[in-house]
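Some notes on the structure that comes next.
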Amino acid sequence: MKKKLISIITAVYNEELMVQEVYEVIKKTLAPFAKRYEYEHIFMDNCSTDNTLVLLKKLAAKDKRVKILSYSKNFGPVKTELMGYKYSSGDAVVTFDANMKDLEERILSNTSKITALPRHAVWRELD
């Protein structure tokens with residue numbers, strides 16, 4: 001049986017201090033679901049002026065699940081997220097902001113949503 005694909009979309013803007021941590025937390029948190037689900041982690045770089053894009057390219061070179069969309073100007077969070085949905089390949093889409101506090105706790109508190117995702121489900125974590 002083919003595994004379902006979960007698309008994780010993370011919008012970033014000048015998040016060089018957070019991208020590695022976000023990547024690791026997502027990877028660690030989704031590891032228990034590896035027998036049932038595959039995932040892709042799409043980072044949406046909204047024209048960062050720091051080293052965010054450089055760090056993302058290093059992650060993508062090491063992990064084929066990491067994909068990057070980089071914009072030449074800052075389109076803001078709404079348009080960035082919508083483009084992430086368009087670019088994603090998953091049966092379900094989960095969105096997170098890279099600067100979200102308590103990312104791991106929020107993911108773990110919602111794992112039942114991940115295990116019960118129907119086709120084309122969208123889970124948007126709101127503050």
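The values are calculated or read from the model by the stated rules, or taken from the named source; none is laboratory data. All values reported here derive from a predicted model rather than from experimental measurement. All Cβ positions, glycine included, derive from the backbone under ideal geometry; neighbour counts span all protein chains shown.
Against the condition closer than 18 Å to K3 by Cβ, touching a residue at least 24 places away in the same chain (Cβ under 8 Å) and of a type in the set (S, T, N, Q), how does T29 come out, does it pass? So T29 passes the test.
Just checking, does region 85-107 include any residue being of a type in the set (K, R), exposed (fewer than 15 other Cβ atoms within 10 Å of the Cβ) and modelled with pLDDT of 65 or more? Looking for residues that are of a type in the set (K, R), exposed (fewer than 15 other Cβ atoms within 10 Å of the Cβ) and modelled with pLDDT of 65 or more, one finds at least one in region 85-107, hence yes. In this entry, V78 is excluded by the filter for residues that are under 13 Å from the mean Cα position of the chain (by Cα) and β-branched (V, I, T).
Residue-wise test of (1) out of contact with any Pro (no Cβ under 9 Å at 6 or more places or on another chain); (2) small (G, A, S); (3) part of a loop (DSSP other than H, G, I, E, B).
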site: M1; (1), (2), (3): yes, no, yes
site: T10; (1), (2), (3): yes, no, no
site: L17; (1), (2), (3): yes, no, yes
site: I42; (1), (2), (3): yes, no, no
site: S48; (1), (2), (3): yes, yes, yes
site: L55; (1), (2), (3): yes, no, no
site: A60; (1), (2), (3): yes, yes, no
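Go through region 8-36 and give me each residue that's over 15 Å from D63 (Cβ atoms), crowded, with 18+ Cβ neighbours inside 10 Å and out of contact with any helix residue (DSSP H, G or I) (no Cβ under 6 Å at 6 or more places or on another chain). Across region 8-36, the qualifying residues are Y13, M18. Pairing residues of region 78-99 that are among the aromatic types (F, W, Y) with residues that are in a loop (DSSP other than H, G, I, E, B), at Cβ distances under 9 Å and at least 6 apart in sequence or on separate chains, gives F96/E125.
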